[in-house]
Every structure is written in C-alpha cells, then in structure tokens.
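In what follows, a structure is listed as structure tokens, so that the remarks can point back to it.
The values are calculated or read from the model by the stated rules, or taken from the named source; none is laboratory data. All values derive from a computational prediction rather than experimental measurement. In this analysis, Cβ positions are derived from the backbone assuming ideal geometry, glycine residues included, and neighbour counts consider all displayed protein chains. Accessible surface areas use protein heavy atoms only, side chains included; no ligands, DNA or RNA. Shrake-Rupley method; radii C 1.70, N 1.55, O 1.52, S 1.80 Å.
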Amino acid sequence: MENNIILTGDRPTGPLHLGHYVGSLSNRVRLQNTGKYIPFVMIADLQALTDNAENPAKIRQNILEVALDYLAAGLEPDKTTMFVQSHITALTELPMYYANLVTMSRLERNPTIKNEIKLRGFERNLPVGFMTYPISQAADITAFRAKYVPVGDDQLPMLEQAREIVSAFNRIYKCDVLVEPEAILPDNSSCTRLVGTDGNAKMSKSLGNCIYLKDDEKTVKQKIMSMYTDPEHININDPGHVDGNAVFAYLDAFSNKRHFEEYLPEYQSLDEMKKHYMRGGLGDMKCKKFLNNVMQEMLRPIRERREEYAKDKGEVLNMLKKGTDHAQEVSLETLALVRRAIGVDYFNDEDFIEEFTK
Ligand code: TRP
C-alpha cells in the first residue's frame, strides 16, 4: 500500500503566526481536505522545553492556544490527528536509539541549529537537549512512519538529518522499518519563509515582528500600517524598491488577481503595481491599505472560527486527549518494530528466550 502519512508539528512557545500559516499550516489544511492522506499534527512541547526548561509555564499556557489555532486554521479532528508530543512515549525512547547513529560534528553542521544558537545567544551554555533536538525531531517523524512533512524551508536541514538517521538505521539493523520522509514546501516561493513586519528575514516571536492568527482586526491593521517598507522611498515620487520591502513580500505571498479587482482596480496585477512603485508615484500608505484589505479578508474567517472553538475549551482539550491516545497507539507499533530490529526486544523474542533458557 502506498504510504500517505503526513506529520508536522509546532513548538507551543506562543500562538501561531502568519509565518506558520503560509509556511506549513495552510498546506496541512489543503492536504487534509484532499482526503488522500493520513495526517498527524503535533504540539511539540518537548522540543519547546529544549530552550525553555526554566519556563515550563510558558509552554503549558500555549498548548491550548496552539490547539485553537489549528482548529481556527481549518484542521478537523475527524480528519487530522492532533496530539501532544510529551505524552507519546516512543518520542522519548526512539531518540535514545537514534542518538547513537549521529555524530557530534554532524549536529554542529546543522544550519538551522547554528542560526538558532546565534539568535538565542547560547555559547557553551547550550543545553544538550537543544543541541540534539534534530534527533528528537527525526523521532517525531519516523515514529509515525510519515512520508510527507509540510514545512517552511528553515526546516529542511531537520529533514535531511532525519533521512540520514533512517538510512543509517535501516542499513545497520538490516531492515526497512523506518521511512525516509520528504518535505512538502509551499507552492508559492514567497511563502517558504515569510519576513517579519520589520523586514527581518524571519517572522519570529522572539523578534516581536509577528502577525498572529488570533490578532484582532485593529491590531492587524496597526501592524500593517507600521510595517517596514523602503527607507529610500521618502516622498511619494521617489523611485521605490520592492525587494526587501515587507509590504511587497506580503503582497507576493497573499494577494491575487481578485483582490486587485475588488480593492485596487487601477492595477491589473501585482506586477503592474510594483512597476508603479519602482518608478515613483505610488505611496506606502496606499500599498499598506491594500495589504490590510487582503489580510483582513484572509484572517477574518480564521479569527471567527477561533472564537467559536474558544467558547468550549473543555471540548478542545478532549479533542487533544483523544488525538494523543490515538497517536500513542500508532507510534507504539513503530517502537516495537524498532526494538525488534535492533534486537533488544528480549522478552518477546523467541530466539532470545530459547538461547537464554537452553
Ligand atoms: N522544529 C519545528 C519548528 O520549529 C517543529 C517540529 C517539531 C516539527 N517536530 C516536528 C516540524 C516534526 C515537522 C516535523 O517549527
């Protein structure tokens, strides 16, 4: 049978933002709705603890926030299994086996890790758990024998690491228990990594440059109106730059032809609008107002669904519990196969028992 299992996750360090949405969440919803896949979506609280060990309250608070964001974005519990990482026992056991297949220098080469170490200002005080989270992430994916992982491009090094672990495992233990995963990136390349509202290369909670899925209309508008544009575009008639301009990066990611017909009919397309901006004569305010219309239209249904689900948080918690129970069951099957492949399944292994008792 063809493998059509999907797994992804998010760290519950805050509510989810537009970067999550365009990079991965919208893809998950789309894949879910094709009905062709078996999707698992994980709240990665163990991974969040790797750099928040002293602040578990933050993680705890955000479990429900992220679950609400999932439902708001359109994930449905009867189609997608949503679950909590820390309650899946295979996800603490598998990394122990996998860690022996990865060298220290390999971990040190991981560009995502390098960048995160820099961002967080870790030097030698790097928690061991943080350094090894790519191994844990390989466990997340392989525990469900997932073939597809919808992510933004910042996660590609994690997938590469996971594939290496899979191939080492299957080779060394002479089996085909683990499945090599593939990334599913957004079709629109401006979505693989959305810049922050300040123009910084990545939207990230710690940089304070995010638009959250749960932000109300007024907050979204304020964030858009104070977005980074082009510092050399001072007067309307100055020629402007669209590269590195956050407003245009967002328009690349979110606007379509219909938006122009509806909100800015004087341009046929984003290309035309960009040309005008680059020649001079198109003001930032007008661009931002257009972007605001586009964004509000997209975020409104998400926000409304979130409010609806937030009325019954007990039900959301139940949904997570059910998803977690199911995920536990599925991953225990993989764990049993892994133990068997390595040969540490002593008490169920007939050959071992025979040798031991002969
Ligand atoms: N590292 C991912 C992020 O920071 C979250 C994550 C944890 C994940 N486990 C995963 C993503 C497994 C994909 C697959 O966004």
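Based on the Cβ-Cβ distance from ASN115 to ALA168, what FRET efficiency comes out when R0 is 25 Å, to the nearest 0.05?
0.50
Based solely on its DSSP helices, what 222 nm [θ] is calculated for the chain when runs of n ≥ 4 H residues each add -39,500 (n - 2.57) and the sum is averaged over all residues, nearest 500 deg cm²/dmol?
My calculation for the chain gives -16000 deg cm²/dmol from helical runs alone.
What does the convex hull of the Cα atoms come to per residue for segment 293-347, in Å³?
Considering the Cα atoms of segment 293-347, their hull volume per residue is 108 Å³.
Using each residue's phi in segment 254-263, evaluate 6.51 cos²θ - 1.76 cosθ + 1.60 at θ = phi - 60° and report the 3J(HN,Hα) Karplus result to the nearest Hz, with x for Gly and Pro.
Going residue by residue, I get 10, 8, 9, 4, 4, 4, 5, 4, 7, 10 Hz, with x marking Gly and Pro.
Over segment 205-308, what number does the Rg to Rh ratio reach, with both radii from the alpha-carbon atoms and Rh per Kirkwood?
Rounded to two decimals, Rg over Rh is 0.99.
Computed over the Cα atoms, what is the radius of gyration of the chain divided by 2.2 N^0.38 Å, N being its residue count?
Numbers: Rg = 22.9 Å, N = 358, 2.2 N^0.38 = 20.6 Å.
With N residues counted in the chain, Rg over 2.2 N^0.38 Å equals 1.11.
Do any GluC sites (Glu not before Pro) in segment 103-142 lie in a loop, going by DSSP, with at most 10 other beta-carbon atoms within 10 Å of their beta carbon, and if so which?
GLU123
Sequence-distant or interchain residues sharing an amide H contact under 5 Å with GLY9, placed H: which?
Amide H neighbours of GLY9: MET42.
Rounding to the nearest 20 debye, state how big the charge dipole of the chain is about its Cα centre with +1 on each Lys and Arg Cβ and -1 on each Asp and Glu Cβ.
660
If one puts a single equal scatterer on every Cα of segment 29-74 and applies the Debye formula without solvent, what log₁₀ I(q)/I(0) results at q = 0.13, 0.16, 0.29 Å⁻¹?
At q = 0.13, 0.16, 0.29 Å⁻¹ the computed log10 ratios are -0.40, -0.55, -1.03.
With no solvent and one point per C-alpha, what does the Debye sum give as log10 I(q)/I(0) for segment 150-204 at q = 0.15, 0.24, 0.31 Å⁻¹?
-0.55, -0.89, -1.13
Quick one: angle between helix 270-279 and the longest Cα principal axis of the chain, in degrees between 0 and 90, rounded to 10, please.
Taking Cα atoms only, the helix is inclined about 50 degrees.
Determine the per residue accessible area of the chain with all protein chains present and a 1.4 angstrom probe, expressed in square angstrom. Mind showing how you got there, number by number?
Working: 18000 Å² over 358 residues.
That works out to 50 Å² for each residue.
May I ask which residue of TYR21, THR34, PRO56 lies farthest towards the positive end of the charge dipole of segment 1-64, with charges of +1 (Lys, Arg) and -1 (Asp, Glu) on Cβ and the Cα centre as origin?
Projecting each Cα onto the dipole axis, the largest value belongs to THR34.
How about segment 120-173: which trypsin sites (Lys or Arg not before Pro) there lie in a loop by DSSP and see at most 12 other Cβ atoms within 10 Å?
Those satisfying the criteria are ARG124.
Taking loop as defined by DSSP and a crowding limit of 11 other beta carbons within 10 Å, which trypsin sites (Lys or Arg not before Pro) in segment 247-315 fit?
Answer by residue number: LYS311.
In vacuo Debye scattering of segment 1-157, one point per C-alpha: log10 I(q)/I(0) at q = 0.10, 0.15, 0.17, 0.20 Å⁻¹?
Debye curve over Cα of segment 1-157, log10 I(q)/I(0) at q = 0.10, 0.15, 0.17, 0.20 Å⁻¹: -0.36, -0.83, -1.07, -1.46.
Can you compute the modelled spin-label distance between ASN293 and THR103, with each label point 7 Å from Cα toward Cβ, in nm?
5.8
Could you tell me what a quarter of the Cα convex hull surface of segment 75-162 works out to, in nm² with one decimal place?
6.8
Just want to confirm a number: the relative contact order over segment 127-203, from Cα pairs under 8 angstrom separated by 6+ residues, in percent.
This gives 32 percent for segment 127-203.
Got a number for carbon plus sulfur as a percent of the chain's accessible area, 1.4 Å probe?
51
Determine the dipole magnitude for segment 205-308: charges of +1 sit on the beta-carbon of Lys and Arg, -1 on that of Asp and Glu, nothing else is charged, the reference point is the Cα centre, and the result goes in debye to the nearest 20.
Numbers: 17 positive and 18 negative charges, 55 e Å.
Using Cβ point charges on Lys, Arg, Asp and Glu, segment 205-308 gives about 260 debye.
When only the heavy atoms of the protein chains count and the probe is 1.4 Å, how do GLU180, GLU2 rank by accessible area, highest first?
Numbers: GLU180 80, GLU2 145 Å².
Final ranking, largest accessible area leading: GLU2, GLU180.
Once amide H atoms are placed 1.01 Å from N in the peptide plane, what residues at a sequence separation of 5 or more from ALA146, or on another chain, have their amide H within under 5 Å of its amide H?
none
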